[in-house]
Every structure is written in C-alpha cells, then in structure tokens.
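Shown next, in structure tokens, is the structure this report addresses.
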Amino acid sequence: MLIMLSAIVLAAGESKRMGRPKAILDLGESTFLETICVRLWEARMDEVIPVLGAHADEVMRVVSLPRARVVINRGFSRGQLSSLQCGLGEVDERSGGALVTLVDHPLVATSTYRGLREAWENSPEKIAVARFKGRGGHPIIFPRALFGELMEAPPDEGARAVLRRDARRVRWIGFDDQGIVADIDSMEDYKKFVKIV
C-alpha cells in the first residue's frame, strides 16, 4: 500500500565554512538545492519542502523551485533542529512521514531516495536511515508518530536524540551510494566530491 510521504530539505544554515550559500553552489548544470529537489520529485515524493533561512533572499533569486513549497525559518540561528521543526509544521496532514535530507548532501542518488521510501513503506512505524558501507547518513525517514518527539527534542542533540531513544524502532538500509555520507561543508569538500558526480 502506498503511503503519502513528504520530503524536507534543510537549507537554512549560514554556510560559514563554505563562505557562500551551499544551496546555490553549482552541481553540473544545476545547483545543490535544485538537484536535490529534482531527484526527490523523480523518486515520487508527494511534496518537497525546502527550508531556507540565513540566505533565503539570495537563494530564491538564484534557484528555481516551481513545484516545491518553500518555508523560511526566521529563527535559523537556533540551529538545524529549528529548521526541521519549521518543515515538520508544514507537512501535509495526510502524510505518513517525512524524509529529511540536507542541502550539503547533494550527491544522493534518486534511486537511494526511492529505495529508502520503499523500505520504509514495508515498516512505516519505524525510522528508516540510509547507510553506506556501515556508516549512517542522509536521507532519514521519520514516521508521523514521532513528529511530536522531534518537536520537543533538546536543541543541543536535535533529531539524534529521537534516533538514539530506542534502537528497536530504527531500520538501517544499506545502499551503494557515497552521496549518503558525502557531507560538503567546506570548499575543500566541494573540490573533493564534485568530481564523483
């Protein structure tokens, strides 16, 4: 049975280490944020919710997101959890869960998003975490039943607190996709990873 699934892309940070907004960095003929959103649509997400913040005006000028429902986190300085909470607040009430991914993980393949969704649909009461060679990364799918815990999570731990609360409710799904763990935070990371696109 198909379950409605929303996707949240966290892209509100200040990008201090990178020196410019990661959302608008080039990735082939597209940008990080556009690439992620297109792949999420290709993976048949029911809605895509990018959460912008620190550089929202600049990102909106540069990036084309015609089908996405953009959310602005005015309190982005409170950290990543605040952006996740903003996104969760906009999830369609019919959605059974939220796939969460980060703008600094733009190399995740469409097949990984699709495969994680399919795995989660087999156990929709559990958290599904993508893993590459034994390392967990992004994306992660949280079932709606855990949205309340995410909204109340301690800011210093964020979503990790919910992940670690009970190992029995977490499924780790392996993929042959380095993008799951390719965290592009600095210009050195960018130069290292863009060559594998």
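Every number in this text was worked out from the coordinates using simple rules, so none of it is lab data. Computed from a predicted structure; not experimentally measured. Quick reminder, even Gly has a Cβ in these numbers, built from the backbone with ideal geometry, and neighbours come from all protein chains shown.
Give the calculated FRET efficiency between residue 93 and residue 183 to the nearest 0.05, with a Förster radius of 30 Å applied to their Cβ-Cβ distance.
Once rounded, the FRET efficiency stands at 0.40.
Taking θ as phi - 60° and the Karplus parameters 6.51, -1.76 and 1.60, the scalar couplings of the stretch 81-88 work out to 4, 4, 6, 4, 5, 4, x, 4 Hz in sequence order, x denoting glycine and proline. Other residues lying with their Cβ under 14 Å from the Cβ of residue 120 contribute a combined charge of +4, Lys and Arg counting +1, Asp and Glu -1.
For a modelled paramagnetic label at residue 167, 7 Å from Cα along Cα-to-Cβ, the residues of the stretch 117-151 in reach, with backbone nitrogen under 19 Å, are 126-137. Amide hydrogen proximity for residue 73: with H placed 1.01 Å from N in the peptide plane, the residues at 5 or more positions away or on another chain lying under 5 Å are 52, 53. Here the 3J(HN,Hα) profile of the stretch 29-43, calculated from phi with Karplus coefficients 6.51, -1.76 and 1.60 at θ = phi - 60°, is 9, 10, 10, 3, 5, 4, 4, 4, 5, 4, 5, 5, 5, 4, 7 Hz, Gly and Pro shown as x.
Helical runs (DSSP H, four residues minimum) scored at -39500 (n - 2.57) apiece and divided by the length of the chain put the mean residue ellipticity at 222 nm at -8000 deg cm²/dmol. Report D for the stretch 1-144 in µm² per second (integer): Stokes-Einstein, Kirkwood Rh on Cα pairs, 4 °C, 1.567 mPa s. My calculation gives 86 µm²/s for D.
Putting +1 on Lys and Arg Cβ atoms and -1 on Asp and Glu Cβ atoms, find which of 174, 159, 30 reaches farthest to the positive end of the dipole of the chain. The residue sitting farthest along the positive end of the dipole is 174. Here's how it looks for residue 102: its modeled amide H is under 5 Å from those of 10, which are all 5 or more places away or on a different chain.
Please report, in debye to the nearest 20, how large the charge dipole of the stretch 5-189 is about its Cα centre when each Lys and Arg carries +1 at its beta carbon and each Asp and Glu carries -1 there.
420
Residue by residue, the stretch 168-176 carries 3J(HN,Hα) couplings of 5, 9, 10, 10, 9, 10, x, 9, 8 Hz when phi is fed to the Karplus relation 6.51 cos²θ - 1.76 cosθ + 1.60 (θ = phi - 60°); x denotes Gly or Pro.
Please work out the FRET efficiency for the pair residue 133 and residue 4, using the Cβ-Cβ distance as r and a Förster radius of 30 Å; give the result to the nearest 0.05. With a Förster radius of 30 Å, E is 0.45. Give the distance, in whole Å, between the Cα centre of the stretch 139-197 and the Cα centre of the stretch 1-69. For the stretch 139-197 versus the stretch 1-69, the Cα centre distance is 16 Å.
Under 16 Å of direct C-alpha separation, and excluding same-chain neighbours fewer than eight residues apart, residue 191 reaches these lysines: 22. So, R0 is 22 Å and r is the distance between the beta-carbons of residue 58 and residue 78; what FRET efficiency does that work out to, to 0.05? The formula returns an efficiency of 0.60 here.
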